[in-house]
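Report on one structure; see the data block that follows.
The values are calculated or read from the model by the stated rules, or taken from the named source; none is laboratory data. This one's a predicted model, so the numbers in the text were calculated from it and none came from an experiment. So basically every Cβ, Gly included, is an ideal-geometry build from the backbone, and we count neighbours across all protein chains shown.
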Amino acid sequence: MLRTRMIKCGLSLIVVCLVCWLFPLFHVQTLGQGKTEDSDAATMADETGPSDPVAYVRELWDGSLRTADAATTITQLWDAFDADATVARSQYGQQAGLGGAWYFCVRGQGTVQVVEKDRVVLAVAESSRRVCLDLGVVVDNTVREAIGVKASDFANSQAFNAVSTELNLRVEKEVITEKRAFLKKDVIVDFVGCTKIGGKSDLDPLCLIPIQIHILGGEAGGPDLNKETAGAKP
């Protein structure tokens, strides 16, 4: 009886030892090993997206935004919304996340009709609708979203938000500040701008944050003022 009990205890001990060997309760590692692994993971994360938001925006600003290749003609956008708003959004817009708002980058030409403190209203040829160019402080993410910058391109939200801030500063300094004084009644301008469209009420006037403004002259025609205003301080 005693012998049987000793054999059972021995077998149980062997089983416990095997389980502990196969599935250890803890691991021993040298000091600093965990930090190294965390550092490597952080380095890999940094390499998944642009590390310098300022340089990233500079490349955009001097490249695709300067040529406005991605911008939709404003009358084309209006016609598309008149035909089918859902198709217009998917064809010409950029959606901010799943189920988010729709943003658009558009271009066109208009004649200044109304000059207000922080915006000008333009009449667009061949359309009864109007455009307004917002000239106040740029505080939201409209420009970033409208030109198609994606959060998935960046390692973290901090870098993604920094891009929006840098784009807004560029708009304020290089577009709004430089061209505001020359936006007078009856002046004709070419424009490229970004907007968020929620419903049909946003289409007239269609308010844009301008990313390009080219002054063409007065209503009866005139010199292109862009060369004269480059670097000028009104």
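If you go through the stretch 102-113 one residue at a time, do you hit one that is surrounded by fewer than 18 Cβ atoms within 10 Å (Cβ to Cβ), out of contact with any Cys (no Cβ under 6 Å at 6 or more places or on another chain), over 13 Å from L208 (Cβ atoms) and of a type in the set (A, V, I, L, M)? Taking every residue of the stretch 102-113 in turn, none turns out to be surrounded by fewer than 18 Cβ atoms within 10 Å (Cβ to Cβ), out of contact with any Cys (no Cβ under 6 Å at 6 or more places or on another chain), over 13 Å from L208 (Cβ atoms) and of a type in the set (A, V, I, L, M). Considering the stretch 120-131, the residues that are β-branched (V, I, T) and crowded, with 21+ Cβ neighbours inside 10 Å include one that is nearest to I197 (Cα to Cα), namely V131.
A Cβ distance below 7 Å, combined with a sequence gap of six or more or placement on separate chains, defines the contacts here; from the stretch 59-81, residues that are in contact (Cβ under 8 Å) with a residue 40 or more places away in the chain and under 17 Å from G93 (Cβ atoms) reach residues that are among the acidic types (D, E) and not in a helix (DSSP H, G or I) in the pairs T75/E126.
Tallying residues that are under 17 Å from V187 (Cα atoms) and out of contact with any Ser or Thr (no Cβ under 9 Å at 6 or more places or on another chain) within the stretch 119-133 yields 7. Do you know which residues across the stretch 75-105 are of a type in the set (A, V, I, L, M, F, W, C) and either modelled with pLDDT under 95 or more than 12 Å from the chain's Cα centre (by Cα) (or both)? If the condition is that a residue be of a type in the set (A, V, I, L, M, F, W, C) and either modelled with pLDDT under 95 or more than 12 Å from the chain's Cα centre (by Cα) (or both), then L77, W78, A80, F81, A83, A85, V87, A88, A96, L98, A101 are the ones that fit.
Considering the stretch 165-191, the residues that are surrounded by fewer than 16 Cβ atoms within 10 Å (Cβ to Cβ) and hydrophobic (A, V, I, L, M, F, W, C) include one that is farthest from the chain's Cα centre (by Cα), namely A181. Does A101 satisfy being among the small types (G, A, S), touching a helix residue (DSSP H, G or I) at 6+ places or on another chain (Cβ under 8 Å) and in contact (Cβ under 8 Å) with a residue 40 or more places away in the chain? Yes; evaluated as a whole, the condition is true for this residue. For the subset of the stretch 132-164 comprising residues that are within 13 Å of G97 (Cα to Cα) and exposed (fewer than 15 other Cβ atoms within 10 Å of the Cβ), which member is farthest from the chain's Cα centre (by Cα)? Filtering first and then ranking leaves S152. Only one of the numbered conditions (1) in contact with an Asp or Glu (Cβ under 8 Å, 6 or more places away or on another chain); (2) surrounded by fewer than 19 Cβ atoms within 10 Å (Cβ to Cβ) is violated by D82, and that is (1).
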